[in-house]
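The values are calculated or read from the model by the stated rules, or taken from the named source; none is laboratory data. A quick note: this is a predicted structure, and the numbers were derived from the prediction, not measured. Because the Cβ atoms are built from the backbone with ideal geometry, glycine has one as well, and the counts that use them run over all protein chains shown. Surface areas here come from the heavy atoms of the whole protein model, side chains and all, with no ligands, DNA or RNA. Shrake-Rupley method; radii C 1.70, N 1.55, O 1.52, S 1.80 Å.
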Amino acid sequence: MATKKQMMLNAFDMTSSMHNSHGFWKHPDSKRHRGYKDLEYWIQYAKLLEKGKFDAVFFADVLGVYDTFRQSKEPSIHDGMQFPLNDGALVIPAMAAVTKHLSFAFTVSTTYEPPFGNARRFSTLDHLTNGRIAWNVVTSYLPNAARNFGLEGLIKHDQRYEIADEYMDVTYKLWESSWEENAVIEDSKAGILLDSSKIHEINHKGAFFSVEGPHLSEPSPQRTPVIYQAGVSEKGRAFAAKHAECIFVGGPTPERIRYYVDDIKSKAMEYGRNPEHIKVISFLNIIVGKTTEEAEEKFVEYNRLWSADAAKAQFGGASGYDVAEYTEEQQDDDFTFKETDHGHYKAASLTKDAEKQLKVREAIARLEKLDRGQYIVGNPEQVADGIQKQFEQSGVDGFNVNHLVTPGDLEDFIELVVPILQERGLYKKEYRDGTLREKLFDHRSCLLPDDHPGSRYRKSVSAKV
Ligand SMILES: Cc1cc2nc3c(=O)[nH]c(=O)nc-3n(C[C@H](O)[C@H](O)[C@H](O)COP(=O)(O)O)c2cc1C
(Lines give C-alpha, C1' and ligand atoms only; values in the text may rest on other atoms or scores of the structure.)
Protein backbone atom coordinates (compact mmCIF):
# COMPACT_ATOMS: atom_id res chain seq x y z
CA MET A 1 0.00 0.00 0.00
CA ALA A 2 1.33 3.43 -0.92
CA THR A 3 2.29 5.51 2.09
CA LYS A 4 0.19 8.58 2.69
CA LYS A 5 1.68 11.94 1.77
CA GLN A 6 2.63 13.68 4.99
CA MET A 7 2.40 17.43 5.48
CA MET A 8 5.20 19.81 6.40
CA LEU A 9 4.42 22.31 9.13
CA ASN A 10 6.24 25.56 9.80
CA ALA A 11 5.41 28.13 12.43
CA PHE A 12 4.96 31.44 10.64
CA ASP A 13 6.56 34.20 12.65
CA MET A 14 8.64 37.33 12.83
CA THR A 15 11.02 38.67 15.48
CA SER A 16 8.61 41.52 16.02
CA SER A 17 6.11 42.59 18.65
CA MET A 18 3.27 41.57 16.31
CA HIS A 19 3.19 39.72 13.02
CA ASN A 20 -0.21 38.80 11.53
CA SER A 21 -2.17 38.90 14.79
CA HIS A 22 -3.32 42.47 14.48
CA GLY A 23 -4.21 43.95 17.87
CA PHE A 24 -3.55 40.75 19.83
CA TRP A 25 -0.99 42.36 22.11
CA LYS A 26 -4.11 43.28 24.11
CA HIS A 27 -4.86 39.60 24.84
CA PRO A 28 -3.91 38.79 28.47
CA ASP A 29 -2.05 35.63 27.39
CA SER A 30 0.00 37.28 24.63
CA LYS A 31 3.67 36.87 25.50
CA ARG A 32 5.14 37.89 22.20
CA HIS A 33 5.05 41.70 22.30
CA ARG A 34 7.30 41.60 25.36
CA GLY A 35 9.06 38.32 24.69
CA TYR A 36 10.23 38.88 21.10
CA LYS A 37 13.33 40.69 22.35
CA ASP A 38 14.31 38.04 24.93
CA LEU A 39 16.47 35.08 24.06
CA GLU A 40 14.65 32.93 26.61
CA TYR A 41 11.35 33.49 24.78
CA TRP A 42 12.81 32.16 21.53
CA ILE A 43 14.52 29.27 23.31
CA GLN A 44 11.23 28.10 24.83
CA TYR A 45 9.54 28.66 21.48
CA ALA A 46 12.06 26.42 19.69
CA LYS A 47 11.61 23.66 22.27
CA LEU A 48 7.84 23.86 21.91
CA LEU A 49 7.99 23.52 18.12
CA GLU A 50 10.36 20.59 18.27
CA LYS A 51 8.00 18.90 20.71
CA GLY A 52 5.29 19.34 18.04
CA LYS A 53 7.67 17.91 15.36
CA PHE A 54 7.46 21.15 13.40
CA ASP A 55 9.71 21.18 10.38
CA ALA A 56 10.77 24.78 10.76
CA VAL A 57 10.16 28.27 12.01
CA PHE A 58 9.53 30.51 9.04
CA PHE A 59 10.74 34.00 9.89
CA ALA A 60 9.21 36.66 7.67
CA ASP A 61 11.01 39.98 7.53
CA VAL A 62 10.59 43.49 6.17
CA LEU A 63 12.98 46.42 6.13
CA GLY A 64 10.69 49.32 6.81
CA VAL A 65 7.39 50.50 8.25
CA TYR A 66 4.07 50.02 6.47
CA ASP A 67 3.00 53.52 5.45
CA THR A 68 0.56 53.20 2.54
CA PHE A 69 -2.73 53.18 4.51
CA ARG A 70 -3.75 56.81 5.07
CA GLN A 71 -0.28 57.62 3.68
CA SER A 72 0.96 57.29 7.24
CA LYS A 73 3.14 55.12 9.45
CA GLU A 74 0.90 55.81 12.42
CA PRO A 75 -1.65 52.95 12.02
CA SER A 76 1.04 50.26 11.97
CA ILE A 77 3.12 51.83 14.73
CA HIS A 78 0.00 52.29 16.87
CA ASP A 79 -0.58 48.52 17.10
CA GLY A 80 3.01 47.36 16.80
CA MET A 81 2.25 45.78 13.43
CA GLN A 82 5.57 44.25 12.32
CA PHE A 83 7.22 47.07 14.26
CA PRO A 84 9.43 47.14 16.27
CA LEU A 85 11.21 44.40 14.38
CA ASN A 86 14.55 42.86 15.33
CA ASP A 87 16.96 40.97 13.11
CA GLY A 88 15.65 37.40 13.20
CA ALA A 89 18.88 35.83 11.96
CA LEU A 90 20.48 36.59 15.30
CA VAL A 91 18.14 34.43 17.40
CA ILE A 92 18.52 31.35 15.19
CA PRO A 93 21.78 29.96 16.66
CA ALA A 94 20.31 30.10 20.17
CA MET A 95 17.20 28.25 18.99
CA ALA A 96 19.35 25.72 17.17
CA ALA A 97 21.44 25.11 20.29
CA VAL A 98 18.42 23.78 22.21
CA THR A 99 16.99 21.67 19.37
CA LYS A 100 18.26 18.86 17.19
CA HIS A 101 15.89 18.76 14.23
CA LEU A 102 13.93 22.00 14.06
CA SER A 103 14.95 24.05 11.03
CA PHE A 104 14.84 27.75 10.27
CA ALA A 105 13.67 29.54 7.13
CA PHE A 106 14.79 33.14 7.24
CA THR A 107 13.65 35.90 4.89
CA VAL A 108 16.19 38.16 3.20
CA SER A 109 15.38 40.51 0.37
CA THR A 110 17.50 40.56 -2.78
CA THR A 111 16.61 44.20 -3.33
CA TYR A 112 18.58 45.88 -0.56
CA GLU A 113 21.37 43.84 0.99
CA PRO A 114 24.25 43.00 -1.35
CA PRO A 115 24.85 39.30 -2.10
CA PHE A 116 28.38 38.92 -0.77
CA GLY A 117 27.50 39.60 2.88
CA ASN A 118 24.25 37.68 2.62
CA ALA A 119 26.03 34.57 1.34
CA ARG A 120 28.37 34.68 4.31
CA ARG A 121 25.44 35.15 6.72
CA PHE A 122 23.71 32.02 5.42
CA SER A 123 26.89 29.93 5.32
CA THR A 124 27.50 30.91 8.93
CA LEU A 125 23.95 29.96 9.91
CA ASP A 126 24.19 26.69 8.01
CA HIS A 127 27.41 25.85 9.89
CA LEU A 128 26.04 26.84 13.29
CA THR A 129 22.78 24.91 12.82
CA ASN A 130 24.45 21.92 11.19
CA GLY A 131 22.50 22.30 7.97
CA ARG A 132 19.11 23.34 9.28
CA ILE A 133 18.79 26.58 7.32
CA ALA A 134 16.62 27.84 4.49
CA TRP A 135 16.68 31.25 2.83
CA ASN A 136 13.30 32.73 1.95
CA VAL A 137 14.15 34.86 -1.07
CA VAL A 138 11.89 37.89 -1.45
CA THR A 139 12.07 41.09 -3.46
CA SER A 140 10.21 43.28 -0.89
CA TYR A 141 7.34 45.69 -1.24
CA LEU A 142 7.61 48.60 1.20
CA PRO A 143 8.45 52.10 -0.11
CA ASN A 144 9.85 53.02 3.31
CA ALA A 145 12.34 50.14 2.98
CA ALA A 146 13.51 51.58 -0.34
CA ARG A 147 14.04 54.97 1.27
CA ASN A 148 15.86 53.36 4.19
CA PHE A 149 18.39 51.98 1.72
CA GLY A 150 19.03 55.23 -0.11
CA LEU A 151 16.52 54.94 -2.96
CA GLU A 152 13.79 57.44 -3.76
CA GLY A 153 11.10 54.78 -4.03
CA LEU A 154 10.39 51.19 -4.98
CA ILE A 155 12.31 49.69 -7.86
CA LYS A 156 9.79 48.50 -10.46
CA HIS A 157 8.16 45.19 -9.52
CA ASP A 158 9.45 43.15 -12.46
CA GLN A 159 12.91 44.67 -12.38
CA ARG A 160 13.26 43.56 -8.77
CA TYR A 161 12.93 39.98 -9.99
CA GLU A 162 15.61 40.57 -12.66
CA ILE A 163 17.93 41.80 -9.92
CA ALA A 164 16.96 38.77 -7.82
CA ASP A 165 17.84 36.42 -10.65
CA GLU A 166 21.37 37.79 -10.95
CA TYR A 167 21.64 37.88 -7.16
CA MET A 168 21.04 34.12 -7.16
CA ASP A 169 23.77 33.55 -9.76
CA VAL A 170 26.26 35.46 -7.61
CA THR A 171 25.36 33.52 -4.51
CA TYR A 172 25.44 30.12 -6.24
CA LYS A 173 28.93 30.97 -7.45
CA LEU A 174 30.00 31.82 -3.90
CA TRP A 175 28.38 28.75 -2.35
CA GLU A 176 28.92 26.16 -5.04
CA SER A 177 32.05 27.04 -6.98
CA SER A 178 34.29 29.23 -4.84
CA TRP A 179 35.46 26.38 -2.63
CA GLU A 180 36.17 22.93 -3.97
CA GLU A 181 35.74 19.91 -1.79
CA ASN A 182 38.68 19.06 0.44
CA ALA A 183 40.13 22.57 0.41
CA VAL A 184 40.62 22.30 4.17
CA ILE A 185 43.59 19.94 4.42
CA GLU A 186 44.93 20.67 7.89
CA ASP A 187 48.35 19.24 7.08
CA SER A 188 50.38 20.04 10.18
CA LYS A 189 53.56 18.43 8.83
CA ALA A 190 53.54 20.65 5.75
CA GLY A 191 52.19 23.55 7.78
CA ILE A 192 49.18 24.08 5.49
CA LEU A 193 45.66 24.54 6.78
CA LEU A 194 43.93 25.43 3.50
CA ASP A 195 44.82 24.41 -0.04
CA SER A 196 44.70 27.70 -1.93
CA SER A 197 44.57 25.91 -5.30
CA LYS A 198 41.07 24.74 -4.36
CA ILE A 199 39.71 28.14 -3.30
CA HIS A 200 38.62 30.39 -6.14
CA GLU A 201 37.63 33.95 -6.84
CA ILE A 202 34.30 34.10 -8.60
CA ASN A 203 34.95 37.35 -10.54
CA HIS A 204 31.28 37.96 -11.18
CA LYS A 205 30.52 41.00 -13.32
CA GLY A 206 26.89 41.48 -14.29
CA ALA A 207 24.27 44.14 -14.87
CA PHE A 208 23.65 44.69 -11.15
CA PHE A 209 26.51 43.14 -9.19
CA SER A 210 30.26 42.88 -9.27
CA VAL A 211 31.88 40.46 -6.82
CA GLU A 212 35.46 39.21 -6.81
CA GLY A 213 35.46 36.58 -4.05
CA PRO A 214 36.49 34.10 -2.82
CA HIS A 215 33.59 33.30 -0.53
CA LEU A 216 34.70 34.05 3.02
CA SER A 217 33.08 30.98 4.58
CA GLU A 218 34.17 27.45 3.97
CA PRO A 219 31.45 25.15 2.57
CA SER A 220 28.67 24.49 5.05
CA PRO A 221 26.74 21.23 5.35
CA GLN A 222 24.22 22.15 2.64
CA ARG A 223 26.47 24.64 0.80
CA THR A 224 23.40 26.35 -0.67
CA PRO A 225 20.74 26.58 2.04
CA VAL A 226 17.31 25.24 1.09
CA ILE A 227 15.87 27.95 -1.16
CA TYR A 228 12.42 29.20 -0.21
CA GLN A 229 10.48 31.80 -2.15
CA ALA A 230 7.27 33.73 -1.49
CA GLY A 231 5.50 35.71 -4.22
CA VAL A 232 2.81 34.68 -6.69
CA SER A 233 2.89 37.29 -9.47
CA GLU A 234 3.77 36.03 -12.97
CA LYS A 235 7.41 37.03 -12.47
CA GLY A 236 7.37 35.66 -8.95
CA ARG A 237 6.18 32.24 -10.09
CA ALA A 238 8.71 32.10 -12.92
CA PHE A 239 11.45 32.95 -10.42
CA ALA A 240 10.15 30.30 -8.01
CA ALA A 241 9.96 27.65 -10.71
CA LYS A 242 13.60 28.23 -11.54
CA HIS A 243 15.17 28.66 -8.12
CA ALA A 244 12.95 27.60 -5.24
CA GLU A 245 12.82 24.27 -3.46
CA CYS A 246 10.02 25.37 -1.11
CA ILE A 247 7.45 27.88 -2.26
CA PHE A 248 5.11 29.79 0.00
CA VAL A 249 1.96 30.73 -1.89
CA GLY A 250 -0.87 32.89 -0.67
CA GLY A 251 -4.35 32.29 -2.03
CA PRO A 252 -7.85 32.59 -0.59
CA THR A 253 -9.30 29.29 -1.85
CA PRO A 254 -7.96 25.72 -2.18
CA GLU A 255 -8.76 25.87 -5.91
CA ARG A 256 -6.63 28.98 -6.41
CA ILE A 257 -3.78 27.49 -4.41
CA ARG A 258 -3.98 24.33 -6.51
CA TYR A 259 -3.72 26.47 -9.63
CA TYR A 260 -0.52 28.02 -8.26
CA VAL A 261 0.88 24.63 -7.23
CA ASP A 262 0.24 23.13 -10.69
CA ASP A 263 1.47 26.21 -12.52
CA ILE A 264 4.73 26.44 -10.59
CA LYS A 265 5.43 22.72 -10.92
CA SER A 266 4.80 22.71 -14.66
CA LYS A 267 6.98 25.80 -15.13
CA ALA A 268 9.70 24.04 -13.11
CA MET A 269 9.54 21.10 -15.51
CA GLU A 270 10.14 23.52 -18.39
CA TYR A 271 13.39 24.44 -16.61
CA GLY A 272 14.28 20.74 -16.56
CA ARG A 273 13.52 20.36 -12.87
CA ASN A 274 11.89 17.36 -11.24
CA PRO A 275 8.67 18.62 -9.61
CA GLU A 276 9.30 16.17 -6.76
CA HIS A 277 12.18 18.44 -5.79
CA ILE A 278 9.77 21.28 -5.03
CA LYS A 279 7.47 21.64 -2.03
CA VAL A 280 4.64 24.15 -1.99
CA ILE A 281 3.16 25.44 1.24
CA SER A 282 0.30 27.81 2.03
CA PHE A 283 -1.18 29.56 5.05
CA LEU A 284 -3.03 27.70 7.78
CA ASN A 285 -5.32 29.69 10.06
CA ILE A 286 -6.92 27.72 12.85
CA ILE A 287 -8.74 28.42 16.08
CA VAL A 288 -9.06 25.31 18.19
CA GLY A 289 -10.91 24.71 21.45
CA LYS A 290 -11.48 21.58 23.51
CA THR A 291 -15.10 21.78 22.35
CA THR A 292 -16.83 23.44 19.40
CA GLU A 293 -18.41 25.97 21.80
CA GLU A 294 -15.05 26.89 23.29
CA ALA A 295 -13.59 27.43 19.81
CA GLU A 296 -16.56 29.57 18.76
CA GLU A 297 -16.22 31.65 21.93
CA LYS A 298 -12.55 32.14 21.17
CA PHE A 299 -13.45 33.30 17.66
CA VAL A 300 -15.83 35.92 19.06
CA GLU A 301 -13.30 37.04 21.67
CA TYR A 302 -10.51 37.22 19.09
CA ASN A 303 -12.70 39.30 16.80
CA ARG A 304 -13.09 41.86 19.57
CA LEU A 305 -9.31 42.24 19.77
CA TRP A 306 -8.70 42.47 16.03
CA SER A 307 -7.22 45.79 14.88
CA ALA A 308 -8.83 46.78 11.58
CA ASP A 309 -6.37 49.63 11.12
CA ALA A 310 -3.34 47.36 11.50
CA ALA A 311 -4.86 44.93 8.99
CA LYS A 312 -5.47 47.76 6.53
CA ALA A 313 -1.93 49.02 7.08
CA GLN A 314 -0.53 45.58 6.31
CA PHE A 315 -2.72 45.19 3.24
CA GLY A 316 -1.69 48.68 2.08
CA GLY A 317 2.04 48.12 2.37
CA ALA A 318 1.94 44.66 0.84
CA SER A 319 -0.38 45.58 -2.05
CA GLY A 320 -0.01 49.32 -2.69
CA TYR A 321 -3.76 49.92 -2.20
CA ASP A 322 -4.71 52.59 0.33
CA VAL A 323 -8.24 51.52 1.24
CA ALA A 324 -8.81 54.88 3.00
CA GLU A 325 -8.90 56.53 -0.42
CA TYR A 326 -12.20 54.99 -1.52
CA THR A 327 -15.04 57.50 -1.23
CA GLU A 328 -18.58 56.67 -0.09
CA GLU A 329 -19.71 56.77 -3.74
CA GLN A 330 -17.10 54.16 -4.70
CA GLN A 331 -18.11 51.61 -2.06
CA ASP A 332 -20.37 49.69 -4.46
CA ASP A 333 -17.84 49.61 -7.29
CA ASP A 334 -16.04 46.38 -8.14
CA PHE A 335 -12.80 45.92 -6.21
CA THR A 336 -10.41 45.15 -9.07
CA PHE A 337 -6.83 44.07 -9.49
CA LYS A 338 -4.31 46.71 -10.52
CA GLU A 339 -0.61 46.23 -10.96
CA THR A 340 1.43 48.19 -8.46
CA ASP A 341 5.10 48.09 -7.64
CA HIS A 342 4.32 46.62 -4.22
CA GLY A 343 3.67 42.85 -4.03
CA HIS A 344 0.83 41.28 -6.01
CA TYR A 345 -0.33 38.46 -3.76
CA LYS A 346 -2.35 40.42 -1.18
CA ALA A 347 -4.23 42.41 -3.81
CA ALA A 348 -4.84 39.26 -5.85
CA SER A 349 -6.41 37.51 -2.85
CA LEU A 350 -9.23 40.09 -2.67
CA THR A 351 -9.62 40.58 -6.43
CA LYS A 352 -8.77 38.11 -9.16
CA ASP A 353 -8.10 35.19 -6.77
CA ALA A 354 -11.24 35.72 -4.66
CA GLU A 355 -14.08 33.20 -4.87
CA LYS A 356 -16.32 35.92 -6.40
CA GLN A 357 -16.09 39.51 -7.56
CA LEU A 358 -16.09 41.67 -4.42
CA LYS A 359 -17.40 45.20 -4.11
CA VAL A 360 -15.11 47.77 -2.49
CA ARG A 361 -17.12 47.67 0.75
CA GLU A 362 -16.98 43.85 0.87
CA ALA A 363 -13.24 43.76 0.32
CA ILE A 364 -12.66 46.36 3.02
CA ALA A 365 -15.01 44.48 5.37
CA ARG A 366 -12.75 41.43 5.08
CA LEU A 367 -9.95 43.45 6.62
CA GLU A 368 -12.10 44.78 9.42
CA LYS A 369 -12.80 41.44 11.09
CA LEU A 370 -11.13 38.06 11.26
CA ASP A 371 -12.14 36.71 7.87
CA ARG A 372 -14.16 33.61 8.86
CA GLY A 373 -13.75 32.11 5.41
CA GLN A 374 -10.00 31.91 6.00
CA TYR A 375 -10.22 30.19 9.40
CA ILE A 376 -10.77 26.62 10.49
CA VAL A 377 -12.61 26.91 13.81
CA GLY A 378 -13.66 23.97 15.95
CA ASN A 379 -12.82 21.17 18.34
CA PRO A 380 -9.66 19.14 17.67
CA GLU A 381 -11.36 16.61 15.37
CA GLN A 382 -13.14 19.33 13.40
CA VAL A 383 -9.90 21.26 13.00
CA ALA A 384 -8.04 18.13 11.89
CA ASP A 385 -10.84 17.46 9.35
CA GLY A 386 -10.53 21.02 8.03
CA ILE A 387 -6.75 20.76 7.71
CA GLN A 388 -6.99 17.40 5.95
CA LYS A 389 -9.55 18.81 3.50
CA GLN A 390 -7.41 21.86 2.76
CA PHE A 391 -4.32 19.66 2.33
CA GLU A 392 -6.04 17.28 -0.07
CA GLN A 393 -7.99 19.87 -2.07
CA SER A 394 -5.20 22.36 -2.60
CA GLY A 395 -2.43 19.88 -3.42
CA VAL A 396 0.10 21.67 -1.19
CA ASP A 397 2.87 19.85 0.64
CA GLY A 398 2.30 21.64 3.90
CA PHE A 399 1.51 24.82 5.74
CA ASN A 400 2.86 27.90 7.45
CA VAL A 401 0.82 27.92 10.65
CA ASN A 402 -0.44 31.32 11.76
CA HIS A 403 -1.13 31.89 15.45
CA LEU A 404 -2.98 34.76 17.03
CA VAL A 405 -2.17 34.43 20.73
CA THR A 406 1.46 33.39 21.03
CA PRO A 407 2.60 30.97 22.28
CA GLY A 408 -0.78 29.75 23.67
CA ASP A 409 -2.38 28.99 20.31
CA LEU A 410 0.65 26.99 19.19
CA GLU A 411 0.63 25.08 22.47
CA ASP A 412 -3.04 24.20 21.95
CA PHE A 413 -2.42 23.17 18.36
CA ILE A 414 0.45 20.89 19.38
CA GLU A 415 -1.43 19.37 22.28
CA LEU A 416 -4.84 18.96 20.67
CA VAL A 417 -4.47 18.69 16.90
CA VAL A 418 -1.01 17.33 16.11
CA PRO A 419 -1.70 13.89 17.70
CA ILE A 420 -4.81 13.49 15.52
CA LEU A 421 -2.91 14.37 12.34
CA GLN A 422 -0.24 11.86 13.39
CA GLU A 423 -2.80 9.14 14.05
CA ARG A 424 -4.28 9.73 10.60
CA GLY A 425 -0.82 9.27 9.06
CA LEU A 426 -0.87 12.83 7.74
CA TYR A 427 2.02 14.08 9.85
CA LYS A 428 5.29 12.59 10.97
CA LYS A 429 5.73 11.02 14.39
CA GLU A 430 9.52 11.20 14.17
CA TYR A 431 11.96 13.46 12.39
CA ARG A 432 14.23 12.17 9.66
CA ASP A 433 17.95 12.53 10.32
CA GLY A 434 20.18 14.86 8.39
CA THR A 435 20.16 18.40 7.11
CA LEU A 436 16.93 20.23 6.29
CA ARG A 437 17.26 19.26 2.62
CA GLU A 438 17.67 15.59 3.52
CA LYS A 439 14.71 15.74 5.87
CA LEU A 440 12.43 17.32 3.26
CA PHE A 441 13.22 15.52 0.05
CA ASP A 442 13.26 11.90 -0.97
CA HIS A 443 16.41 12.53 -3.01
CA ARG A 444 18.07 12.62 0.44
CA SER A 445 20.97 14.79 -0.64
CA CYS A 446 22.31 17.49 1.64
CA LEU A 447 23.34 19.39 -1.50
CA LEU A 448 21.29 20.94 -4.28
CA PRO A 449 20.07 18.18 -6.62
CA ASP A 450 21.61 18.02 -10.09
CA ASP A 451 18.51 19.41 -11.81
CA HIS A 452 18.71 22.68 -9.85
CA PRO A 453 20.29 25.62 -11.71
CA GLY A 454 22.61 26.33 -8.77
CA SER A 455 24.25 22.93 -9.16
CA ARG A 456 25.70 23.80 -12.55
CA TYR A 457 28.17 26.10 -10.79
CA ARG A 458 29.60 23.16 -8.93
CA LYS A 459 33.23 22.35 -9.60
CA SER A 460 34.37 19.11 -8.08
CA VAL A 461 31.62 18.83 -5.53
CA SER A 462 29.81 15.55 -5.87
CA ALA A 463 26.13 15.55 -5.03
CA LYS A 464 24.72 12.26 -3.88
CA VAL A 465 21.75 12.58 -6.22
C1 LIG B 1 2.84 34.17 1.25
C2 LIG B 1 3.80 35.30 1.03
C3 LIG B 1 4.61 35.74 2.08
C4 LIG B 1 5.51 36.79 1.89
N5 LIG B 1 6.31 37.21 2.92
C6 LIG B 1 7.15 38.26 2.73
C7 LIG B 1 7.99 38.75 3.77
O8 LIG B 1 8.05 38.21 4.86
N9 LIG B 1 8.75 39.82 3.54
C10 LIG B 1 8.76 40.44 2.34
O11 LIG B 1 9.49 41.41 2.18
N12 LIG B 1 8.00 39.98 1.35
C13 LIG B 1 7.21 38.92 1.51
N14 LIG B 1 6.44 38.47 0.47
C15 LIG B 1 6.45 39.17 -0.83
C16 LIG B 1 7.78 39.22 -1.49
O17 LIG B 1 8.52 40.32 -1.06
C18 LIG B 1 7.68 39.26 -2.94
O19 LIG B 1 8.97 38.95 -3.44
C20 LIG B 1 7.24 40.60 -3.53
O21 LIG B 1 6.34 41.28 -2.75
C22 LIG B 1 6.57 40.34 -4.79
O23 LIG B 1 5.54 39.40 -4.59
P24 LIG B 1 4.66 39.05 -5.82
O25 LIG B 1 5.49 38.19 -6.69
O26 LIG B 1 3.45 38.32 -5.27
O27 LIG B 1 4.33 40.35 -6.42
C28 LIG B 1 5.57 37.41 0.63
C29 LIG B 1 4.77 36.94 -0.42
C30 LIG B 1 3.91 35.88 -0.24
C31 LIG B 1 3.09 35.38 -1.38
Per residue accessible area in Å² of region 260-402, where ligands, DNA and RNA are left out and the probe is 1.4 Å: 43
Computed Kirkwood radius, in angstrom, where 1/r is averaged over Cα pairs of region 293-361: 13.6
Shape of region 390-465, Cα gyration tensor, a/c cut at 1.5: prolate
Listed residue (Ser282, Tyr161, His443) projecting farthest to the positive dipole end of the chain, Cβ model: His443
Straight-distance crosslink candidates among aspartates and glutamates, where the alpha carbon sits under 15 Å from Lys439 and sequence neighbours closer than 8 are dropped: Glu50, Asp55, Asp126, Glu245, Glu276, Asp397, Glu430
Filter on Lys37/Lys100; Lys5/Lys428; Lys53/Lys279; Lys47/Lys429; Lys5/Lys346; Lys265/Lys356 - keep pairs with C-alpha separation over 20 Å: Lys37/Lys100; Lys5/Lys346; Lys265/Lys356
Degrees, to the nearest 10: 380-394 long Cα axis against longest axis of the chain: 60
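Can you run the Rg to Rh ratio on region 41-192? Use alpha carbon positions and the Kirkwood inverse-distance Rh.
On the way: Rg = 18.8 Å, Rh = 17.8 Å.
That ratio is 1.05, to two decimals.
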Inverse of mean 1/r across different Cα pairs in region 358-419, Kirkwood, Å: 13.4
Computed accessible area, Leu90, all protein chains, 1.4 angstrom probe, square angstrom: 130
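Looking at region 160-277, send over the antiparallel percent of its DSSP beta bridges, to the nearest 5. Before the final figure, lay out each step's value.
Working: 5 of 8 bridges.
Among the beta bridges of region 160-277, antiparallel pairing accounts for roughly 60 percent.
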The chain, dipole about Cα centre (Lys/Arg Cβ +1, Asp/Glu Cβ -1), debye to the nearest 20: 840
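What's the carbon and sulfur percent of the chain's accessible surface, probe 1.4 angstrom, rounded to a whole number? Walk me through the numbers on the way to the answer.
Numbers: 9340 of 19060 Å².
Roughly 49 percent, rounded to a whole number.
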Reachable lysines from Lys298, criterion Cα separation under 23 angstrom, eight or more residues apart if same chain: Lys26, Lys31, Lys290, Lys312, Lys369, Lys389
Size-normalised alpha-carbon gyration radius of the chain, reference 2.2 N^0.38 Å: 0.97
Mean separation of Cα contacts under 8 Å (6+ apart) over length of region 1-143, as relative contact order %: 27
Positive-end residue of His215, Ala241, Ser197, charge dipole of region 164-246 with Cβ unit charges: Ala241
Long-range amide H partners of Ile287 with built H, under 5 Å: Ile376, Val377, Gly378
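Once a ≥ b ≥ c are taken as the square roots of the eigenvalues of the Cα gyration tensor of region 324-465, is the result rounded (a/c under 1.5), prolate (a/b larger than b/c) or oblate (a/b not larger than b/c)? Can you show the working numbers first?
Working: a/c = 2.98, a/b = 1.44, b/c = 2.06.
Verdict is oblate for region 324-465.
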Sparse-neighbourhood loop sites, trypsin sites (Lys or Arg not before Pro) in region 80-180 - DSSP loop, at most 16 other Cβ within 10 angstrom: Lys100, Lys156
Cα gyration tensor shape for region 218-259, rounded if a/c is under 1.5, else prolate or oblate: prolate
